[in-house]
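Working notes, structure below.
The values are calculated or read from the model by the stated rules, or taken from the named source; none is laboratory data. Note that the structure is predicted; figures quoted are calculated from it, not measured. Positions of Cβ are generated from backbone atoms using ideal geometry, with glycine treated the same way; all protein chains shown enter the neighbour counts. To get the accessible areas, we keep the full protein, side chains included, count just its heavy atoms, and leave off ligands, DNA and RNA. Shrake-Rupley method; radii C 1.70, N 1.55, O 1.52, S 1.80 Å.
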Amino acid sequence: VQTLAGAAAMELAEAPGTGGMWLRHWRVVAPKDPGGAAVQAQFLLQQALRDPSSQDYRMILEEARTVCGEAALLAPGDPVPYIVELGVARGMGASEAEFQSVWETVVARAPHHMGAHLVALRYWSAAWHGSAEQADAFAEGAAGAAPERTLLPALPLFAVHDHLSDVNLVRGLYRSAVVSRAIDGALYAVQQAPADHAVLPHVRHLLVWFLVRAERYAEAMEQVRRVDGHVGAVPWSYGASPAAEYA
């Protein structure tokens, strides 16, 4: 859903008015397709988040929430519409109680969904509506309760990355106990997760980013050998010039 929505958003940015026409066509010819509805909702969310200062920001998010509801009705039991709605709730500044209500709906359907946890983690981060402490608590709790063969043990590494600006002046940060423990949790996660897990490339990319900075080069190279090219993976998607990270 994120990949297709991202493709439509990129095409629209490159060709305003005509780009991403296939998504609009999909919705017209198959209005009862829950996949099309979910992709449209995610597309609208991404469009809104491109410019939170826009006067249309809340209107687009409201539309995204409406389409989330349509997708949920078309596919009862599917967690994806509610995962998209988590992003909508974050963007609209939902209260903790409101956000928790959507979150409980998600975990009732897919309690160990890594993508859902990543969306929720952003809500609890200091950049949005929480703090480093809340994000860490959420990530550590999910990692500690994770069953085998999930990527949730890697969640604390994402929490650390989201809050590097708060601590990046600490000497030897990337070799500190907190970061080392998060790296080791992510290494464990990628070793035992299914090879076709959709989020696995993101975790491997993030591991490379941290392992190089921690000067754990052999382990970084192992991730490079295993990772597939994955455009838009964290952390490269956070910056305009990924190559500059190592310049």
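The overall shape of region 75-145 is oblate: from the C-alpha gyration tensor, with semi-axes ordered a ≥ b ≥ c, the ratio a/c is 1.5 or greater and a/b is no larger than b/c. Using a probe of 1.4 Å on the protein chains alone, the accessible area found for MET10 is around 110 Å². With the whole protein complex present, SER53 retains an accessible surface near 100 Å², based on a 1.4 Å probe. As a rough guide to protection, the peptides 215-223, 43-51 ranked by mean Cβ packing within 10 Å, highest first, stand as 43-51, 215-223. Take ARG213: with every protein chain present and a 1.4 Å probe, its accessible area is about 60 Å².
When the chain is described by a simple charge dipole with +1 on each Lys and Arg Cβ and -1 on each Asp and Glu Cβ, the residue from ALA214, VAL102, VAL88 located farthest towards its positive end is ALA214. Taking label points 7 Å from Cα along the Cα-to-Cβ direction, LEU73 and ARG225 give a separation of 5.4 nm. Compared with the dominant principal axis of the Cα atoms in the chain, helix 177-192 is inclined by about 60°.
Among the listed values [x] 44; [y] 20; [z] 24, the one computed from these coordinates for percent of Cα pairs over 33 Å apart is [y]. Here the calculated FRET efficiency for GLU104 and THR66, from their Cβ-Cβ distance with R0 = 25 Å, stands at 0.75, rounded to the nearest 0.05.
Once the Cα atoms are used to define both axes, helix 96-109 deviates from the longest principal axis of the chain by about 90 degrees. Taken about its Cα centre, the chain carries a charge dipole of about 360 debye when Lys and Arg each add +1 at the Cβ and Asp and Glu each add -1 at the Cβ. Assuming charge only on the beta carbon of Lys and Arg (+1) and of Asp and Glu (-1), the dipole of region 37-91 about its Cα centre is about 140 debye to the nearest 20. Placing R0 at 41 angstrom, the Cβ-Cβ distance between TYR188 and ASP33 gives a FRET efficiency of 0.60 after rounding to 0.05. From most to least packed by mean Cβ count within 10 Å, the peptides 72-81, 19-28 give 72-81, 19-28. Annotation: for a label point projected 7 angstrom from Cα along Cα→Cβ of ALA177, residues of region 118-145 with backbone N closer than 19 Å are 133, 136-137, 140-141, 144. Length gained on full extension, ALA15 to MET59: 13.6 nm, using 0.36 nm per residue less the C-alpha separation. Any chance you could give the angle, 0 to 90 degrees and rounded to 10, that helix 2-14 forms with the longest Cα principal axis of the chain? Result, in degrees: 70. Classify region 111-162 from the C-alpha gyration tensor, please: rounded if a/c falls under 1.5, else prolate or oblate depending on whether a/b exceeds b/c. It is prolate, given that a/c is not under 1.5 and a/b is the larger ratio.
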